[in-house]
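Inspection log for the structure reproduced underneath, given as structure tokens.
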Amino acid sequence: MTTLIRKAIYTREDEDALVADGCEWNFHNEETKEHIHSLHPYPAKFIPQIPRRAIELWTEPGDIVYDPFNGCGTTILEASIAGRHGIGTDNNAVAILASRAKAALYSKTDLDALGRFATRIKGGLDFAASRPDLIPSNKNFHYWFDPAIIARLAALKGLILAENEPVRTLLLAVFSSIIVRVSYQDSDTRYSRILRKVAADEVDKAFGSRLTDTIARIPDAMVPGRVPVDVVQADARSVPFIADGSVSLIVTSPPYLNSYDYHKYHRQRLHWIGDEGSVEFARDREIGSHDEFTRHDATPEGYFEDMGACFAEWTRVLKKGGSCLIVVGDSIVSKQAVHVGDKFVDMLVEHGLSYKKRWIRTLHSTKRAFNVKNSRISHEHVLLLVKP
Ligand SMILES: C[S@@+](CC[C@H](N)C(=O)[O-])C[C@H]1O[C@@H](n2cnc3c(N)ncnc32)[C@H](O)[C@@H]1O
């Protein structure tokens, strides 16, 4: 039991050797919030250096790079910058919005339009027409927001919807990024209600400052040779739209078992930015959620079944010789250690991939995003497999 508390890494291999070797994936002293990567808060997102290194090592310009658990699009943006074609799937509409906004190819005209929008709202949103038609109508919605904030957010959304693409998507992503901050939700990783006083102009200030920051970051990602990305709202267990043998590299970080509920913590955002049914779409397809695996009699089998379906798809879409780099943590379910890293290696080998190498990387002490009780937080596995 000491091991569980010490580092919560469980492996049959020589752990010390794996940790020592893992430092090449740590990037502790590097800038991890470069350019537009920090557009939207997203729990457990990659630091860009991980997909960047994998893309450099195992792909060529023009190749396809796939991230099945795309999150806020770190992998596909890195792929696009490196001249590769990134494909990302995620079941959560917030992930889809954030990644489309991050990875869009902005022109000087778009930047000018964004600048004009920022100038227009500089003095506040009092001028914006009220838009009661844009207020989400779901039950309990008012429990999470001050009424004045709801009116302000709807008015702001009205202004955003009047813009053209890709400016509209970028503005909506910035809008989504401030939702938790102006709501009664405690934080991005705590779904409890804190009844605090939020002044209506908090919307104006939070949105204005995030937008200004984002506009300043966009030019750094406007590099020559960028390739458009495909972001698809889909369940990673079934991706028939990706052709057999087409992908050169899968680089991904799956949802960690029993660590997080993306559908829940993003729920207020989903109500504001998603279509009808997007909360259910995210909830009903989420793999490994804390809600599901924290039940007193829970066992991890369902998680491995779901991941098995994904692994079958990965084996299908990878080219011969294509690589697969997975970053994942171990976990605890019903007080039992779950050796996720070891199990993934065994399963992927059963699916026909060949095991090349593994490392254990250490997370920076200030960047641990998960619930300490249920999952590993200080170390994670980096697994490399290849399709023979
Ligand atoms: C650890 S996060 C990935 C973060 C990502 N690497 C980034 O840099 O933002 C895991 C993601 O898996 C998504 N997810 C969970 N179940 C899924 C499913 N069945 N299909 C596709 N995505 C899923 C979650 O919505 C979440 O965005």
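The values are calculated or read from the model by the stated rules, or taken from the named source; none is laboratory data. Being a predicted model, the structure only gives us computed values, none of them experimental. Don't worry about glycine lacking a Cβ; one is built from the backbone with ideal geometry, like all the others, and counts go over all protein chains shown. Ligands, DNA and RNA are excluded from the accessible area calculation, which covers all protein heavy atoms including side chains. Shrake-Rupley method; radii C 1.70, N 1.55, O 1.52, S 1.80 Å.
Of all residues in segment 349-364, those satisfying the criterion of being open to solvent by 10 Å² or more (accessible area, probe 1.4 Å), of a type outside the set (A, V, I, L, M, F, W, C) and within 18 Å of V382 (Cα to Cα) are S354, Y355, K356, K357, R361, T362, H364. Screening I242 against (1) in contact (Cβ under 8 Å) with a residue 12 or more places away in the chain; (2) under 23 Å from D188 (Cα atoms); (3) within 16 Å of the ligand (Cβ to nearest atom) leaves a single unmet condition, (2).
Residues T299, T362, T315: which one is farther than 21 Å from A236 by Cβ and within 25 Å of the chain's Cα centre (by Cα)? Break it down stepwise before answering.
On the way: T299 fails: within 25 Å of the chain's Cα centre (by Cα); T315 fails: farther than 21 Å from A236 by Cβ.
Matching residue, one of T299, T362, T315: T362.
Identify all residues within segment 188-205 that are loosely packed, with under 13 Cβ neighbours inside 10 Å and under 20 Å from the mean Cα position of the chain (by Cα); write none if there are none. Explain how you work it out, then say what you get.
Kept after step one, since they are loosely packed, with under 13 Cβ neighbours inside 10 Å, are these residues of segment 188-205: 190, 192-197.
Once the filter is applied, which keeps residues that are loosely packed, with under 13 Cβ neighbours inside 10 Å and under 20 Å from the mean Cα position of the chain (by Cα), segment 188-205 yields only R190.
The residues of segment 206-228 that are farther than 30 Å from G62 by Cβ and surrounded by 14 or more Cβ atoms within 10 Å (Cβ to Cβ), listed by number, are A206, F207, G208, R210, L211, T212, I215. Within segment 119-136, the only residue that satisfies the criterion of being in contact with a Gly (Cβ under 8 Å, 6 or more places away or on another chain), open to solvent by less than 20 Å² (accessible area, probe 1.4 Å) and in contact (Cβ under 8 Å) with a residue 40 or more places away in the chain is I121.
For segment 235-263, which positions are aliphatic (A, V, I, L, M) and open to solvent by 10 Å² or more (accessible area, probe 1.4 Å)? The one that is aliphatic (A, V, I, L, M) and open to solvent by 10 Å² or more (accessible area, probe 1.4 Å): A243. The residues of segment 11-36 that are in a loop (DSSP other than H, G, I, E, B), open to solvent by less than 30 Å² (accessible area, probe 1.4 Å) and modelled with pLDDT under 85 amount to a single one, T32. Selection of segment 294-310 for residues being within 13 Å of the ligand (Cβ to nearest atom) and either closer than 27 Å to G22 by Cβ or touching a His at 6+ places or on another chain (Cβ under 9 Å) (or both) yields Y303, D306, M307, G308, C310. The condition of being open to solvent by 10 Å² or more (accessible area, probe 1.4 Å) and either in contact (Cβ under 8 Å) with a residue 24 or more places away in the chain or of a type outside the set (D, E, K, R) (or both) holds for only one of D291, D346, that being D291.
One residue stands out in segment 37-76 among those that are away from the ligand (no atom under 13 Å from the Cβ) and touching a Lys or Arg at 6+ places or on another chain (Cβ under 9 Å): the one that is most open to solvent (accessible area, probe 1.4 Å), namely E60.
For F281, the conditions (1) surrounded by 14 or more Cβ atoms within 10 Å (Cβ to Cβ); (2) in a loop (DSSP other than H, G, I, E, B); (3) not assigned by TED's automatic domain parsing to the domain that holds I50 are fulfilled apart from (2). With the structure loaded, tell me whether D297 is part of a helix (DSSP H, G or I) and open to solvent by 30 Å² or more (accessible area, probe 1.4 Å) or whether it fails that test. Against the criterion (part of a helix (DSSP H, G or I) and open to solvent by 30 Å² or more (accessible area, probe 1.4 Å)), D297 does not qualify.
When the criteria are applied in full, V333 meets the requirement of being more than 16 Å from the ligand (Cβ to nearest atom) and open to solvent by less than 30 Å² (accessible area, probe 1.4 Å).
Working only within segment 103-113, note down all residues that are in a helix (DSSP H, G or I) and either under 16 Å from D213 (Cα atoms) or in contact with a Phe, Trp or Tyr (Cβ under 9 Å, 6 or more places away or on another chain) (or both). Walk me through it before giving the result.
First, pick out the residues of segment 103-113 that are in a helix (DSSP H, G or I): 103, 108-113.
Of everything in segment 103-113, those that are in a helix (DSSP H, G or I) and either under 16 Å from D213 (Cα atoms) or in contact with a Phe, Trp or Tyr (Cβ under 9 Å, 6 or more places away or on another chain) (or both) turn out to be D110, L111, D112, A113.
Residues of segment 294-328 that are under 16 Å from D261 (Cβ atoms), touching a strand residue (DSSP E or B) at 6+ places or on another chain (Cβ under 9 Å) and in contact (Cβ under 8 Å) with a residue 60 or more places away in the chain: T294 alone.
Please specify each residue of segment 39-79 satisfying the condition of being hydroxyl-bearing (S, T, Y) and under 11 Å from the mean Cα position of the chain (by Cα). Before you say what the answer is, go through the steps one by one.
First, the residues of segment 39-79 that are hydroxyl-bearing (S, T, Y): 42, 59, 66, 74-75.
Once the filter is applied, which keeps residues that are hydroxyl-bearing (S, T, Y) and under 11 Å from the mean Cα position of the chain (by Cα), segment 39-79 yields Y42, T74, T75.
Quick check: anything in segment 84-102 in a loop (DSSP other than H, G, I, E, B), more than 12 Å from the ligand (Cβ to nearest atom) and open to solvent by 10 Å² or more (accessible area, probe 1.4 Å)? Yes, the conditions are met somewhere in segment 84-102.
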